[in-house]
1. Can you name the number of the only condition in (1) touching a residue at least 40 places away in the same chain (Cβ under 8 Å); (2) on the phi < 0 side of the Ramachandran plot that GLY48 fails?
2. What residue, of PHE69, PHE96, PHE123, is within 25 Å of MET206 (Cβ to Cβ) and assigned to a helix (DSSP H, G or I)?
3. For segment 36-65, give me each residue that is within 21 Å of ARG82 (Cβ to Cβ) and more than 15 Å from the chain's Cα centre (by Cα).
4. So, in segment 121-130, of the ones that are modelled with pLDDT of 90 or more and not β-branched (Val, Ile, Thr), which residue ends up farthest from LYS213 (Cα to Cα)?
5. In this structure, does LEU210 turn out to be among the hydrophobic types (A, V, I, L, M, F, W, C), assigned to a helix (DSSP H, G or I) and either within 23 Å of ASN90 (Cβ to Cβ) or at pLDDT 60 or above (or both)?
6. Tell me, yes or no, whether segment 152-167 has at least one residue that is of a type in the set (Phe, Trp, Tyr) and surrounded by 13 or more Cβ atoms within 10 Å (Cβ to Cβ).
7. So, LEU107, is that one more than 30 Å from ALA152 (Cβ to Cβ) and modelled with pLDDT under 90 or not?
8. Out of everything in segment 85-108 that is in contact (Cβ under 8 Å) with a residue 12 or more places away in the chain and of a type in the set (S, T, N, Q), what residue ends up being farthest from GLU37 (Cα to Cα)?
Amino acid sequence: MPDAPPNPELLRSLGRLARGLSALFWGLPASLVICVETAKTDWLKPLGIIPALAALGLLLYGLWQMSDFQKQERPWRNTLDRAKLLSLVNLGLCPFLYWHNKMPQELFFIAAVFVLALSAAIFLFDLNIVLKQLAAMLPEETLRHEMRLFTALNRWLIAGLLFLCIAYVVLPHTLQLPLELGVLAAWLNQIGLWTLTFFALLPLAMTMALIWKTKGIILDSVFGVK
């Protein structure tokens, strides 16, 4: 008997899902580089906040494209909606990067940039949950197993980095620390913020690898291309 014709609505939603994953794959590193450059250097100063808005908007666009897939699955929808909300928060806070660059001594702008960094880390944490929920709906057992393993590892790494970053900011300004916290503060001061940033790239890189593999499996199994 001939194969049943593919569902046009399903193919359309899978196509948007693949486009959304592509936007996330390119948007994650672009957002990191552009936001750091906007906050720390003068290379992008003539363009104002436009590059940061474009990069973070690409992440929101990717999540929006993915929202057309499996609308009836409540856990998937709830997780995706949380990621979209965090993406909107990041988009709303990104102008403070530019203002912090122009007035680096302003405490309010420093606090806003710190909140943006925390929100971005939580967004990456939640994005791993989105990928895990997505893999659970795809008919690929190997992908589901790898996604459970690596998203759990990513979330532990991000949680640890959040703790260290908060300690890096709070502990040096705390008086009369207990011995253990004093040792931790001295260690964080030695390794420095750039070392913490370097280790933050590990969960980002693994998340990008999971996104790329998921997109490749979708394109290969449904559309016959990679």
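1. Tallying (1) touching a residue at least 40 places away in the same chain (Cβ under 8 Å); (2) on the phi < 0 side of the Ramachandran plot, GLY48 fails exactly one: (2).
2. On the way: PHE69 fails: assigned to a helix (DSSP H, G or I); PHE96 fails: within 25 Å of MET206 (Cβ to Cβ).
On inspection, the qualifying residue turns out to be PHE123.
3. Taking segment 36-65 and keeping what is within 21 Å of ARG82 (Cβ to Cβ), we get 55-65.
Residue satisfying the conditions is GLN65 alone.
4. Going residue by residue through segment 121-130, those that are modelled with pLDDT of 90 or more are 122-130.
Okay, now just the ones that are also not β-branched (Val, Ile, Thr), so 123-128.
On the way: PHE123: 20, LEU124: 17, PHE125: 18, ASP126: 18, LEU127: 15, ASN128: 13 Å.
Here the answer is PHE123.
5. Working: among the hydrophobic types (A, V, I, L, M, F, W, C): yes; assigned to a helix (DSSP H, G or I): yes; either within 23 Å of ASN90 (Cβ to Cβ) or at pLDDT 60 or above (or both): yes.
Taking the combined requirement at face value, the residue satisfies it.
6. Taking segment 152-167 and keeping what is of a type in the set (Phe, Trp, Tyr), we get 156, 163.
Filter again for surrounded by 13 or more Cβ atoms within 10 Å (Cβ to Cβ), leaving none.
Within segment 152-167, not a single residue is of a type in the set (Phe, Trp, Tyr) and surrounded by 13 or more Cβ atoms within 10 Å (Cβ to Cβ).
7. Working: more than 30 Å from ALA152 (Cβ to Cβ): yes; modelled with pLDDT under 90: yes.
So LEU107 fits the description; yes.
8. Ranking the candidates gives SER87 first.
The values are calculated or read from the model by the stated rules, or taken from the named source; none is laboratory data. Just so it is clear, the model here is predicted, and its values are computed rather than measured. Methodologically, a virtual Cβ is constructed for each residue, glycine included, from the backbone with ideal geometry; neighbour enumeration extends over all protein chains shown.
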